[in-house]
1. When the helices in the chain are scored as -39500 (n - 2.57) per DSSP H run of 4 or longer and the sum is shared across all residues, what 222 nm value do you end up with, to the nearest 500 deg cm²/dmol?
2. Please compute the modelled spin-label separation between GLN70 and SER2, points set 7 Å along Cα→Cβ, answer in nm with one decimal.
3. Which of rounded, prolate or oblate describes the chain when judged by the alpha-carbon gyration tensor and an a/c cut-off of 1.5?
4. Only sites in a loop by DSSP and with at most 16 other Cβ atoms within 10 Å count here; which chymotrypsin sites (Phe, Trp or Tyr not before Pro) in the range 1-57 make the cut?
5. Among residues other than ALA91 whose Cβ falls under 10 Å from its Cβ, what is the net charge (Lys/Arg +1, Asp/Glu -1)?
6. Show me the helices of the chain, taken as full DSSP H stretches, that run 27 Å or more along their long axis by Cα and average 1.0 or above in Kyte-Doolittle hydropathy.
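We did not get these values from a lab; they are worked out from the coordinates using the rules stated. Owing to the predicted nature of the structure, the values given are computational and were not obtained by experimental measurement. All Cβ positions, glycine included, derive from the backbone under ideal geometry; neighbour counts span all protein chains shown.
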Amino acid sequence: MSTNETVLTLAAILKAKQWRLALAESCTGGLVCATLTELAGSSDWFERGYVTYSNEAKTECLGVPAELIQSFGAVSEPVAKAMAEGAQLNAGVNAAISITGVAGPSGGSAEKPVGTVCFAWAIQNDAGENRVPSKTMYFVGDRQAIREQACQYALSELAKILED
């Protein structure tokens, strides 16, 4: 499915549920928010986005504990989960996505090479129950290719989660 088809699917699901979406982006730098808001009428279901590129921004804007970042690194599933939960809580929405990774061309390590991207999706159902699945993916290509793959993956996975 193309990114445009994914956004249309996601928009339809969110509108049908009367839910709103928030984003917490690091390595994608607002690309996901820009992709979502290209669709006319996105204000019906898109609430806001946080571009928290620095560790300090993750802590200040999203409430990610500094100790969590120190323990696991900014590019980790525990930090991605905390980012998604922080965006969800701050924005007062049912659904939030977070993305944190190494887009390159530098910044990678043996443990977390360029292309490592961690995601989380905070979903609160109508009964108030929250779940926060997370996943780490490894993408290849240059900086822009990694960012675009991360954007597509984040949105397509949210659509899958909400369809289940």
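1. Working: 6 runs with 73 residues, N = 164.
For the chain, the value works out to -14000 deg cm²/dmol.
2. 4.8 nm
3. Working: a/c = 1.84, a/b = 1.30, b/c = 1.42.
Verdict is oblate for the chain.
4. Working: sites: TRP19, TRP45, PHE46, TYR50, TYR53; in loops: TRP19, TRP45, TYR53.
Loop-located and lightly packed - TYR53.
5. On the way: positive: ARG20, ARG48; negative: GLU47.
Net of charged neighbours comes to +1.
6. On the way: long enough: 143-163 (30 Å, -0.28).
TM-like helix candidates: nothing returned.
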